[in-house]
Amino acid sequence: MASDLRTRAVLAPSMLLLIGVIYWLDVGQHLGGKQGALSAGVLGLLGLAGAWEYAALLRGAGFAVARTMLLGASALLHVLAMYFIWHRIDNELYPMVGLTLLLLFPLAVRSLGRSNMQRGLEEQGGTLLGFLFVSWQVYLGQGICFRHLPSLLYVVLVCKGGDIGGYCLGRLFGRRKLIPHISPGKTVEGALGSLLSSVLLAWSLRGPLLAGLPVGTVAAVGMGIVLNVTTQTGDLVESLLKRRCGAKDSSRLLPAHGGVLDLVDSLLFSFSAWFLFLVWLT
């Protein structure tokens, strides 16, 4: 336990520093190209890695998932995000809907075969869940990069700040279990601490990161609540997947943190929530 804490104490600031460097390079366009492209590219790679971990997690537990088709559709979606015209909602949603149908149709046809009757529906459901839960959300995160890059950093800091606040306050004051059949370590006190941390960050960061957007105090507090609820929900849903699959982490990529999916799970639903709010604002 002490070793995990030391590892987290080193990795967490390092990852925040890396995020800061990527943002600085992107917002200043130090590498050329259009603003948001670097962050969107990094998100696309994380989304692809998360989809691979999702497929490996479920397949390792015996569930049917069409990994090659899932990764192919995810890769195409994240590449299209780099070239589609953002700021037009019809353009933005077209790749998501089109690729979902393109993914579903061959899965449905394949399930009609005699040898696939037993697992065809499971394969359709498992593959589409991964596409919707991971790839769709990361794609919308890429859209945030192109619509309003500073607000991507805003979402990451509010969500991850809530994670850190919940973890610290939960360890200090946590007594009552929140949802022990899914995540035994989470407590009610930690969840409330996470909510408070996110709301405070949402309010305090709106000035420097949401300049130019009509976000007042009430809206910032409201979005802090929404982002934290979606953050905690995403984390719990991924915990449910891991518990159902009998795994502790999505992979062993990061010591004491797990895999890419463990790293981005709390951001997934938050990306879609903020994207919808951003569309409304702009």
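The values are calculated or read from the model by the stated rules, or taken from the named source; none is laboratory data. Quick caveat, the model's predicted, so the values are computed rather than measured. For neighbour counting, all protein chains shown are included, and Cβ atoms are generated from backbone atoms with ideal geometry for every residue, glycine included.
Of all residues in the range 195-231, which are among the polar types (S, T, N, Q) and modelled with pLDDT under 95?
The one that is among the polar types (S, T, N, Q) and modelled with pLDDT under 95: THR217.
Determine if the range 268-279 includes at least one residue that is at negative phi and surrounded by fewer than 17 Cβ atoms within 10 Å (Cβ to Cβ).
Checked the range 268-279: at least one residue is at negative phi and surrounded by fewer than 17 Cβ atoms within 10 Å (Cβ to Cβ).
Kindly provide the set of residues from the range 240-263 that are touching a Gly at 6+ places or on another chain (Cβ under 6 Å) and in a helix (DSSP H, G or I), ordered by number.
Listed by number, the residues that qualify are VAL260, LEU261.
Would you check if there is a residue in the range 127-141 being among the small types (Gly, Ala, Ser), farther than 20 Å from ALA40 by Cα, touching a residue at least 12 places away in the same chain (Cβ under 8 Å) and assigned to a helix (DSSP H, G or I)?
No, there is no match, as no residue in the range 127-141 is among the small types (Gly, Ala, Ser), farther than 20 Å from ALA40 by Cα, touching a residue at least 12 places away in the same chain (Cβ under 8 Å) and assigned to a helix (DSSP H, G or I).
Residue-by-condition table, conditions (1) under 22 Å from GLY50 (Cβ atoms); (2) touching a Ser or Thr at 6+ places or on another chain (Cβ under 7 Å):
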| residue | (1), (2) |
| --- | --- |
| SER74 | yes, yes |
| GLU92 | yes, no |
| PRO106 | no, no |
| VAL109 | no, no |
| ARG114 | no, no |
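So, VAL97, is that one of a type outside the set (D, E, K, R) and in contact (Cβ under 8 Å) with a residue 60 or more places away in the chain or not?
For VAL97, the condition - of a type outside the set (D, E, K, R) and in contact (Cβ under 8 Å) with a residue 60 or more places away in the chain - is not met.
Out of the range 149-196, which residues are over 30 Å from LYS34 (Cα atoms), crowded, with 19+ Cβ neighbours inside 10 Å and either charged (D, E, K, R) or more than 19 Å from the chain's Cα centre (by Cα) (or both)?
Within the range 149-196, ASP163, LEU169, GLY170, GLY174, LEU178, LYS186, THR187, GLY190, GLY193 qualify.
Pull out all pairs, ordered by first then second residue, where Cβ-Cβ is under 7 Å, the residues are six or more apart or on different chains, the first lies in the range 12-33 and is of a type in the set (Ser, Thr, Tyr), and the second is surrounded by 13 or more Cβ atoms within 10 Å (Cβ to Cβ) and part of a helix (DSSP H, G or I).
Matching pairs, first to second residue: TYR23/SER39; TYR23/LEU153.
Kindly indicate whether SER272 is closer than 24 Å to LEU48 by Cα, within 17 Å of the chain's Cα centre (by Cα) and at pLDDT below 95.
So SER272 fails the test.
Which of the residues belonging to the range 174-194 are touching a residue at least 12 places away in the same chain (Cβ under 8 Å), in contact with a strand residue (DSSP E or B) (Cβ under 8 Å, 6 or more places away or on another chain) and not charged (D, E, K, R)?
GLY174, LEU178, ILE179, THR187, VAL188, GLY190, ALA191
Are there any pairs, at least 6 apart or on different chains, whose C-beta atoms fall under 9 Å, with the first in the range 199-213 and touching a residue at least 60 places away in the same chain (Cβ under 8 Å) and the second of a type in the set (Gly, Ala, Ser) and buried (at least 20 other Cβ atoms within 10 Å of the Cβ), and if so, which?
LEU210/SER151; LEU210/ALA220; LEU213/SER151
Considering only the range 101-156, state which residues are within 25 Å of ALA273 (Cα to Cα) and of a type in the set (Phe, Trp, Tyr).
Of everything in the range 101-156, those that are within 25 Å of ALA273 (Cα to Cα) and of a type in the set (Phe, Trp, Tyr) turn out to be PHE131, PHE133, TRP136, TYR139, PHE146, TYR154.
State which residue is nearest to TYR154 (Cα to Cα) when the search covers only the range 214-224 and only residues that are free of Cβ contacts under 8 Å to residues at least 40 places away in the same chain and either surrounded by 20 or more Cβ atoms within 10 Å (Cβ to Cβ) or in contact with a helix residue (DSSP H, G or I) (Cβ under 6 Å, 6 or more places away or on another chain) (or both).
The residue in question is ALA220.
Within the range 16-52, work out how many residues are within 15 Å of TYR154 (Cβ to Cβ) and among the small types (Gly, Ala, Ser).
3
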